[in-house]
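Peer 1: Pasting a structure here, questions to come.
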Amino acid sequence: EAGVTQSPTHLIKTRGQQATLRCSPISGHTSVYWYQQALGLGLQFLLWYDEGEERNRGNFPPRFSGRQFPNYSSELNVNALELEDSALYLCASSPLAGENNEQFFGPGTRLTVL
Amino acid sequence: KNEVEQSPQNLTAQEGEFITINCSYSVGISALHWLQQHPGGGIVSLFMLSSGKKKHGRLIATINIQEKHSSLHITASHPRDSAVYICAVLFYNTDKLIFGTGTRLQVFP
């Protein structure tokens, strides 16, 4: 069974640009979570999607947004990129709604903002 | 306040040693995850537990709800166990995972 996949692996952008990151959950999983791991900081919760709807978001500005498609894959969009957005962005999926279910993580997308 | 603390921050061991990583949290939780992050960033979920003890191979995770404390043990450690181990907690009063800062483990041959 294929795991959670993310693309691209690496992404380099300049300040002010927009970045789009993609995630495909494990087949059968309906919930997708996005996390940010900035250099020197721990993982922080960004967004949670389930059944196509945003269920919760972390303490991030509206520049961070996303969506979940009917096939449960998800996109994370970051607008007006700032230098401090440089981080590893991790996607995770779980078979049931709610963060108290085991999550399976993807390999991450490393975003560098120059 | 929902807080998660891990100790130690860094841990060095010789191959074969028994490893213990600790996680303490501030208030009641509904679940606790132990995650492993290898260099390069990939994260693997090791355990999810809300009570008692779980074992998978050389890894054992325990949780004491009354003491608000969990431990991750690695028996017969191996250099391939070298990674960052992260504790993540789902508190009762929120539906967001709160992560510890991680424990960086290096196991030398």
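Peer 1: Could you name the aspartates and glutamates whose alpha carbon sits less than 16 Å from that of B:LYS68, not counting residues in the same chain fewer than 8 places away?
Peer 2: Output for B:LYS68: B:GLU3, B:GLU5.
Peer 1: Another question about this same structure. At what distance in nm do the modelled label points of B:HIS38 and A:ASN56 sit from each other, each positioned 7 Å from its Cα along Cα→Cβ?
Peer 2: Taking the simple label geometry, B:HIS38 and A:ASN56 are separated by 3.0 nm.
Peer 1: At 7 Å along Cα-to-Cβ for each site, give me the label-to-label distance between A:LEU114 and A:GLU82 in nm.
Peer 2: For the pair A:LEU114/A:GLU82, the computed spacing is 2.2 nm.
Peer 1: Can you figure out the FRET efficiency of B:VAL27 with A:HIS10, using R₀ = 30 Å and their beta-carbon distance, to the nearest 0.05?
Peer 2: That gives a FRET efficiency of 0.20.
Peer 1: Determine which residues of the range B:76-109 fall in the zone a paramagnetic label at B:ILE60 would reach in this model, i.e. backbone nitrogen under 18 Å from the point 7 Å along Cα→Cβ.
Peer 2: Residues B:76-78 qualify, since their backbone N sits under 18 Å from the label point.
Peer 1: If you average 1/r across every pair of different Cα atoms in chain B and take the reciprocal, what Kirkwood value do you get, in Å?
Peer 2: Evaluated over chain B, this radius sits at 13.9 Å.
Peer 1: How big is D for chain A, in µm² s⁻¹ as a whole number, if Stokes-Einstein is applied with the Kirkwood radius of its Cα pairs at 20 °C and 1.002 mPa s?
Peer 2: The diffusion coefficient I find is 155 µm²/s.
Read-outs: derived from the displayed coordinates by stated rules, not from any lab. What you are looking at is a predicted structure, and each value in this text was computed from that prediction instead of being measured. Positions of Cβ are generated from backbone atoms using ideal geometry, with glycine treated the same way; all protein chains shown enter the neighbour counts.
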